[in-house]
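All remarks here apply to the structure that follows.
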Amino acid sequence: MEAVRGLSLAFMPAASLRACPEQWWDDVLGIAILGGGDASLVPPAIPVASIATPVLEGPRSMCEIWRTRGPLETGLRGRVRYRCSDTMLLGALEIGEDAVPIGASVSGLQWATEAAYREVFGLLDESGYRALFRAWNYFPGINVEADGSERYRQFNAGRQEAFRAGGRSTTGRVPAACALGTADGPFTLYFLALREAPVAIENPRQVCAYHYPLQYGPRSPTFARASLALSEAPPVLFVSGTASIVGHRTLHPGDVVAQTEESFRNIAAVLAEARRVAPDGAGFGLRDLSYKVYVRHPADLGAVRASVREHVGSEVPVVFVQADVCRADLLVEIEASGGHALEEA
Ligand code: 3EB
């Protein structure tokens, strides 16, 4: 395998990790194992997030591997395992909801979310990779009502509280993100951070998530529709989890194909914005990106896959996993990234 330059993504079956030579790991920033695979295949210095979202086709367990040119530095601060290049840091942590102190005034999930983000911001302030670029959030029972409110709302409260406590903006300059429901497991977060602030990109078809009206919860979600790192060479773009929402409303309830199509209209609109901001927007077309598609009902895979391939073609990487989307009426959510290199497994 050739030496990596810039940031690079590889999707490979978890079982293939066994065959990777020792020096291959030198350039690995971090790994997400989708499908809840065995994290012990990963050397202890490498940040790893084990995400319990079943993989819907191919191997049961897929790795999403972020690499960049070394030498990389490794560290552990509190519960955050991290690794960094000269421009970028990848971190991962998990916190069980049962870690909530007895007598806490908030739910275990809200507490775990706030604790996780407080630790992340502590690390970022201390290390100089101050700007949170992209955050991936996973926790069980996202649509479940518990302790008097929906768990996605509890997550939003904990996240927003940590942003405030960390002196960070909760509107405007916020990271790209996703938040998905798993069947079980602890609150799990992995993230990328940068020394130089990225550009937050919004979607003209959608209300900014941080301005959603109160009907979606007392504390708004804290994320941008996309985040663009112009300080990377070449620039790197992360498109947040994108669903069938126009304005602030869910469209096409019950129709997974129409929801997939609407999601692509949203992604296309976000990409048009990114191309306006990037000095050279080539490379930020629908057929240039890598995708992760979250499908609520595994039986919908065939219909979703056909629609996805109509939009992105047959060439680009797409991983399909089962996950619960943050609104009960959403059946599919799609995230994407571009600008970075792609490695063949
Ligand atoms: C939406 O657009 C769908 O809370 O971090 C997408 C991406 C969604 C990120 C988050 C939620 C989040 O509101 C849900």
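The values are calculated or read from the model by the stated rules, or taken from the named source; none is laboratory data. Everything numeric in this text was worked out from a predicted model, so none of it was measured. Neighbour counts run over all protein chains shown; Cβ positions are idealised from the backbone, glycine included. We work out accessible area using only protein heavy atoms, side chains counted, and drop any ligands, DNA or RNA first. Shrake-Rupley method; radii C 1.70, N 1.55, O 1.52, S 1.80 Å.
Centroid-to-centroid, using Cα positions, segment 307-340 and segment 139-203 are 19 Å apart. Summary of the geometry: segment 9-30 and segment 274-299, compared by the centres of their Cα atoms, lie 24 Å apart. Carbon and sulfur: what percent of the chain's accessible surface (1.4 Å probe)? Accessible surface attributable to carbon and sulfur in the chain totals 50 percent. In the distance distribution for segment 234-345, Cα-Cα pairs more than 24 Å apart total 23 percent.
Using only the Cα atoms of segment 38-127, construct the convex hull and provide its projected area averaged over every direction, in square nanometres to one decimal. Don't jump to the answer; show the numbers that get you there.
Working: hull surface 30.9 nm².
Seen from a random direction, the Cα hull of segment 38-127 projects 7.7 nm² on average.
With all protein chains kept in place, the per residue accessible area of the chain amounts to 39 square angstrom at a probe of 1.4 angstrom. Rounded to whole Å, the principal axis extents of the Cα atoms in segment 169-223 read 36, 34, 20, largest first. The simple spin-label model puts a point 7 Å past each Cα toward its Cβ; for D280 and E73 those points are separated by 3.1 nm.
Take each peptide in 328-337, 308-317, count the other Cβ atoms within 10 Å of every residue, and average; sorted highest first, the result is 328-337, 308-317. For segment 130-235, what class follows from the C-alpha gyration tensor (a ≥ b ≥ c being the square roots of its eigenvalues): rounded when a/c is under 1.5, otherwise prolate if a/b is larger than b/c, else oblate? Cα axes put segment 130-235 in the prolate bin. Rounded to the nearest Hz, the phi-derived 3J(HN,Hα) couplings of segment 326-342 under the Karplus curve 6.51 cos²θ - 1.76 cosθ + 1.60 (θ = phi - 60°) are 6, 10, 4, 8, 8, 9, 8, 9, 10, 10, 8, 8, x, x, 6, 6, 10, where x marks glycine and proline. Helix screen, the chain: DSSP H segments with Cα axial length of 15 Å or more and mean Kyte-Doolittle hydropathy at least -1.0 are 108-127, 256-277, 301-312. Taking all Cα-Cα distances within the chain, those exceeding 38 Å account for 7%.
Please report, in cubic angstrom per residue, the volume enclosed by the convex hull of the alpha-carbon atoms of segment 74-208. It would help to have the intermediate numbers written out before the result.
Details: hull volume 15.7 nm³, N = 135.
So the per-residue hull volume is 117 Å³.
Could you tell me the distance between the Cα centroids of segment 40-68 and segment 206-232, to the nearest Å? Spelled out, the Cα-based centre of one part sits 27 Å from the other. In this structure, E57 and E145 have a Cβ-Cβ separation that, at R0 = 35 Å, corresponds to a calculated FRET efficiency of about 0.65. Computed from the alpha carbon atoms alone, the convex hull of segment 171-311 holds 129 Å³ per residue.
Report, in deg cm²/dmol and to the nearest 500, the calculated mean residue ellipticity at 222 nm for the chain, where each DSSP H run with n ≥ 4 adds -39500 (n - 2.57) and the sum is divided by the residue count. Spell out each step's value before the answer.
On the way: 4 runs with 69 residues, N = 345.
Helix-only estimate at 222 nm: -6500 deg cm²/dmol.
Per-residue HN-Hα couplings for segment 41-46, Karplus 6.51 cos²θ - 1.76 cosθ + 1.60 at θ = phi - 60°, whole Hz, x for Gly and Pro? The phi angles translate into 6, 9, x, x, 6, 8 Hz.
Per-residue extension of 0.36 nm, minus the Cα-Cα distance of D98 and H211, leaves a gain of 37.5 nm for this segment.
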